[in-house]
Amino acid sequence: MPTVNYIDPAGIQHEVEVPLGQSLMEGAVRDGIVGMLGECGGNLSCVTCHVYIDDAWFDRVGPALEGSLEEELLDNVSAERLPSSRLSCQIHIGAELDGVVVRVPPRQT
Ligand code: FES
């Protein structure tokens with residue numbers, strides 16, 4: 001099972017196994033990662049699943065698709081929007097993301 005490294009707002013890294021096909025948001029919420037809310041359950045309406053993708057992984061994960069609802073909603077995140085910002089409910093784990101590192105921002109609301 002792929003492993004995801006979540007870095008919480010305090011800077012503590014949590015290594016979590018996330019089943020293939022599950023989203024980064026689901027893996028974090030299931031494991032109780034501090035700072036990850038995912039209030040809408042992945043329906044693209046809450047933006048409380050904001051994460052920063054680690055620079056070393058960004059090419060593999062990629063940005064939100066231009067013109068997509070995710071891309072539009074990233075304007076509404078509570079913490080600073082960075083070039084590496086994504087909504088983690090829109091990123092589903094595949095084998096190529098084994099070991100991915102994501103940072104949870106200091107606030108979601
Ligand atoms: S969980 Fe609500 S937008 Fe991602």
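Listed values, structure above:
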item	result
Share, in percent, of DSSP beta bridges within the chain that are antiparallel, nearest 5	80
Length released on extending from residue 107 to residue 34, taking residue separation times 0.36 nm less the Cα-Cα span	25.3 nm
Formal net charge of residues neighbouring residue 87 (Cβ-Cβ distance under 13 Å; K, R +1; D, E -1)	-4
Packing-based ranking, highest mean first, of 18-31, 73-86 given that Cβ atoms within 10 Å are counted	18-31, 73-86
Fraction of accessible area attributable to carbon and sulfur, the chain (%, probe 1.4 Å)	47
Per residue, in Å², the accessible surface of segment 3-99 once ligands and nucleic acids are set aside, probe 1.4 Å	51
Share of Cα-Cα pairs in the chain lying beyond 21 Å, as whole percent	24
Gain upon complete extension [residue 96, residue 68; 0.36 nm per residue less C-alpha separation]	7.8 nm
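The values are calculated or read from the model by the stated rules, or taken from the named source; none is laboratory data. What you are looking at is a predicted structure, and each value in this text was computed from that prediction instead of being measured. In this analysis, Cβ positions are derived from the backbone assuming ideal geometry, glycine residues included, and neighbour counts consider all displayed protein chains. Keep in mind that these areas ignore ligands, DNA and RNA; they rest on the heavy atoms of the full protein, side chains included. Shrake-Rupley method; radii C 1.70, N 1.55, O 1.52, S 1.80 Å.
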